[in-house]
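Here is the structure we will look at, set down as structure tokens.
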Amino acid sequence: MLLAWWVLDVCQESLQKNTDIKFTYEPHGKRGKAGKIQSLKFIISKNKAHDDPMSLETFLHEQDLKELKALGYNNDDEDEIVDNTDDMATFLGEACDDEFSREEIELLHGLIVKATPRSSRNQLYMYEYLNTKYKELIWRSTKVGIKNRFGYLKKLISLDIDEN
């Protein structure tokens, strides 16, 4: 039984040292015959003492770099695409072959944020998402006449918001 407590203590120490949560535990419930503990109560709380060495923004930035490298972009392209967060509209505009105005792209960007899971909101994912919707717009326009291409693309993205 002593070994089980030691294992919990090691886990407790490691979790508190490396994460933003911590836990305590205590005997809970009735003791069985011979006084043995039959259950434990775990109390999980925020570890206010933890200093995360990497912010979420930095982590997402590094993930973008890894994805861009996997796609074959060179270092110059990576800096231009990933670090240029001030000009997301220009970046996303390229996903639509620069067909739409800056204001329209900014509006689409707001919709994309609503349509995509929080964990997928990095620049590369948003670019790929918009590019996929734009390709769908092109395909659909070969089947039916689309007078307002921006409105149609906006509706395609809005449908994803409604599904979520």
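The values are calculated or read from the model by the stated rules, or taken from the named source; none is laboratory data. This one's a predicted model, so the numbers in the text were calculated from it and none came from an experiment. Don't worry about glycine lacking a Cβ; one is built from the backbone with ideal geometry, like all the others, and counts go over all protein chains shown.
Every residue in region 113-132 that is buried (at least 17 other Cβ atoms within 10 Å of the Cβ) and under 14 Å from Glu94 (Cβ atoms), please.
Listed by number, the residues that qualify are Gln123, Leu124, Met126, Tyr127, Tyr129, Leu130.
Table: residues versus (1) at pLDDT 85 or above; (2) of a type in the set (D, E, K, R); (3) farther than 22 Å from Pro53 by Cβ; (4) touching a Lys or Arg at 6+ places or on another chain (Cβ under 9 Å).
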site: Trp5; (1), (2), (3), (4): no, no, yes, no
site: Leu8; (1), (2), (3), (4): yes, no, yes, no
site: Glu13; (1), (2), (3), (4): yes, yes, no, no
site: Gln16; (1), (2), (3), (4): yes, no, no, yes
site: Ile21; (1), (2), (3), (4): yes, no, no, yes
site: Arg31; (1), (2), (3), (4): no, yes, yes, no
site: Lys36; (1), (2), (3), (4): no, yes, yes, no
site: Ser39; (1), (2), (3), (4): no, no, yes, yes
site: Phe42; (1), (2), (3), (4): yes, no, yes, no
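Among residues belonging to region 44-76 that are of a type in the set (Ser, Thr, Tyr) and modelled with pLDDT of 60 or more, point out the one that is nearest to Leu124 (Cα to Cα).
Thr58
Could you list, ordered by first residue, the pairs with Cβ atoms under 9 Å in which the first is in region 151-162 and assigned by TED's automatic domain parsing to the domain that holds Tyr127 and within 11 Å of Arg140 (Cβ to Cβ) and the second is in a helix (DSSP H, G or I) and among the small types (Gly, Ala, Ser), at least 6 apart or interchain?
Note: pairs meeting the criteria are Tyr152/Ser141.
Restricting to region 100-138, give me the number of residues that are outside any helix (DSSP H, G or I), small (Gly, Ala, Ser) and in contact (Cβ under 8 Å) with a residue 12 or more places away in the chain.
Number of matching residues: 0.
Name the residues in region 77-131 that are closer than 19 Å to Gln63 by Cα, of a type in the set (Asp, Glu) and at pLDDT 80 or above, would you?
Glu128
Taking region 139-157 on its own, how many of its residues are in a helix (DSSP H, G or I) and surrounded by 14 or more Cβ atoms within 10 Å (Cβ to Cβ)?
Summing the residues that are in a helix (DSSP H, G or I) and surrounded by 14 or more Cβ atoms within 10 Å (Cβ to Cβ) in region 139-157 gives 8.
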